[in-house]
Amino acid sequence: NLLAGQQALIGAVRGDLEYTAPAAADGAPGKHYTLRPFAEQAVLIVRPRGWHLDEKHVLVDGQPIAGGLFDAALFAFHNARALMRRDRGPYFYLPKLQSMEEAALWETALAHIEGMLGLPHGQIKVTVLIETLPAVFEMDEILHALRGRIVGLNCGRWDYIFSYLKTFRRHADKVLPERGQVTMTQPFLKAYSELLIQTCHSRGAHAMGGMAAQIPINHDPAANEQAMARVRADKLREVSAGHDGTWVAHPGLIPVARAIFDEHMPGPNQHHVLRRDVHVTRDDLVAPCAGTITRAGFDNSVEVCVRYMAAWLDGNGCVPIHNLMEDAATAEISRSQIWQWLHAGNQHLDDGTAIDGALLDATLRALPARLGDTAALPGGDRIAQAIELLGTLSHADELAEFLTLPAYRQID
């Protein structure tokens, strides 16, 4: 999949990427897709893997190469010169950083790539995701470490929640309610996003908002309007706070988000919004939010984990579930919450039911019947494998750092 993605990126840069969909059931030819002219294309920003992921199929001195180095170097090798001829460059979206030292490591690697390919320093640009709890304390330092090429920081809200859960996994006083109640209006997330705006604008960098996970619901106009209303409210909150841009999980939401930003941000950015009113302390960033854990919320966490892991094991890393686009970050929230609810003190559902291994096992046993015919689900034939993996990870004495690490060992 990763190599097919690299081939698609090469085609995108060359301008000859195209695709013809399979023929319809009635025999009608499938739709043919080609790129718009270069001047009308969106700017290509490539997301390499994080430092925690290896590429086990490429060994250097007998050891797997870091997945992020493989991804960035391969894309730059094939595309950097063609992009430079068009006054662009390899633009990367760097995930999962936990410290300025990791930013400095990226700087060393990217400068080396520029030197090897004969690119001027700074031709490679980056945006950095602030999606871990440690990184939010080092945003100034991360900007400084990458100062010759960084254009902004981005709120990676879902992975940030996951990082919070992972950091405080054994702290009974830091247990969060079910995921649906952990929104960006909660004080600790509001503090994180506003501190990011203040930090970026004080340094002349863009402060990018977070992802709207909703997807269009074509078969239900009323439900679709409710989903779009949530997207509009989310983007209005971001642009009003001072963000310079945002992103969405589905291209169908781009007009919705763009309309809000165009209305409330007439200029190219909001660097003039310095947010001097923001005074965020350490305790603000780590204070948990109040809420509940319902039976439906617990069941949904289990279902999202299992369905996502089944799809991931089958080669699909982005899966629509209940009208939300689930990715590894949202699945990680669910997985780490399940583990924390089982291991961090005496946790109960809002109806008084104890959250323990017996409840999890019963929920896992009941899931196949609840899902019904799984043949149409992404990775449907991997459901049993995913159930077993979630059970193992949840009952383990230690919270696994990332679910994709043990899952990666089960695929080839």
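Being in contact (Cβ under 8 Å) with a residue 24 or more places away in the chain, surrounded by fewer than 21 Cβ atoms within 10 Å (Cβ to Cβ) and either in a helix (DSSP H, G or I) or on the phi > 0 side of the Ramachandran plot (or both) is the filter here, so list the residues in segment 306-327 that pass it.
Leu313, Gly315, Asn323
Only residues in segment 376-394 that are assigned by TED's automatic domain parsing to the domain that holds Ala344 and at negative phi count as the first member; pair them with residues that are assigned to a loop (DSSP other than H, G, I, E, B) and not basic (Lys, Arg), Cβ under 6 angstrom, at least 6 apart or cross-chain, and list the lot.
Pro378/Asn316; Gly380/Thr374; Arg382/Asp314; Ile383/Thr374; Leu393/Ala400
If Ala287 passes every condition in (1) touching a helix residue (DSSP H, G or I) at 6+ places or on another chain (Cβ under 6 Å); (2) surrounded by 18 or more Cβ atoms within 10 Å (Cβ to Cβ) but one, which one does it miss?
Ala287 satisfies all of (1) touching a helix residue (DSSP H, G or I) at 6+ places or on another chain (Cβ under 6 Å); (2) surrounded by 18 or more Cβ atoms within 10 Å (Cβ to Cβ) except (2).
Being touching a residue at least 40 places away in the same chain (Cβ under 8 Å) and over 19 Å from Ile45 (Cα atoms) is true for just one of Met116, Met100. Which residue is that?
Residue meeting the stated conditions: Met100.
Suppose we filter Glu107, Glu114 for residues that are closer than 23 Å to His201 by Cβ, acidic (Asp, Glu) and part of a helix (DSSP H, G or I); which single one remains?
Glu107
Among the residues in segment 245-260, are any surrounded by 19 or more Cβ atoms within 10 Å (Cβ to Cβ) and part of a loop (DSSP other than H, G, I, E, B)?
yes
Could you check, for segment 145-153, whether at least one of its residues is crowded, with 24+ Cβ neighbours inside 10 Å and under 20 Å from Asp234 (Cα atoms)?
For segment 145-153, residues crowded, with 24+ Cβ neighbours inside 10 Å and under 20 Å from Asp234 (Cα atoms): present.
When segment 198-212 is examined, which residues are found to be touching a helix residue (DSSP H, G or I) at 6+ places or on another chain (Cβ under 7 Å) and either outside any strand (DSSP E or B) or surrounded by fewer than 16 Cβ atoms within 10 Å (Cβ to Cβ) (or both)?
Once the filter is applied, which keeps residues that are touching a helix residue (DSSP H, G or I) at 6+ places or on another chain (Cβ under 7 Å) and either outside any strand (DSSP E or B) or surrounded by fewer than 16 Cβ atoms within 10 Å (Cβ to Cβ) (or both), segment 198-212 yields Thr199, Arg203, Ala205.
Could you tell me whether segment 195-213 includes any residue that is more than 20 Å from Val151 (Cβ to Cβ), at pLDDT below 95 and of a type in the set (Gly, Ala, Ser)?
yes
Identify the single condition in (1) surrounded by 14 or more Cβ atoms within 10 Å (Cβ to Cβ); (2) small (Gly, Ala, Ser); (3) part of a helix (DSSP H, G or I); (4) over 19 Å from the mean Cα position of the chain (by Cα) that Ala39 does not satisfy, given that it satisfies every other one.
Failing condition for Ala39: (1).
Hey, Tyr192 hits all of (1) on the phi < 0 side of the Ramachandran plot; (2) in a loop (DSSP other than H, G, I, E, B) but one; which does it fall short on?
It is condition (2) that Tyr192 fails.
The values are calculated or read from the model by the stated rules, or taken from the named source; none is laboratory data. Just so it is clear, the model here is predicted, and its values are computed rather than measured. So basically every Cβ, Gly included, is an ideal-geometry build from the backbone, and we count neighbours across all protein chains shown.
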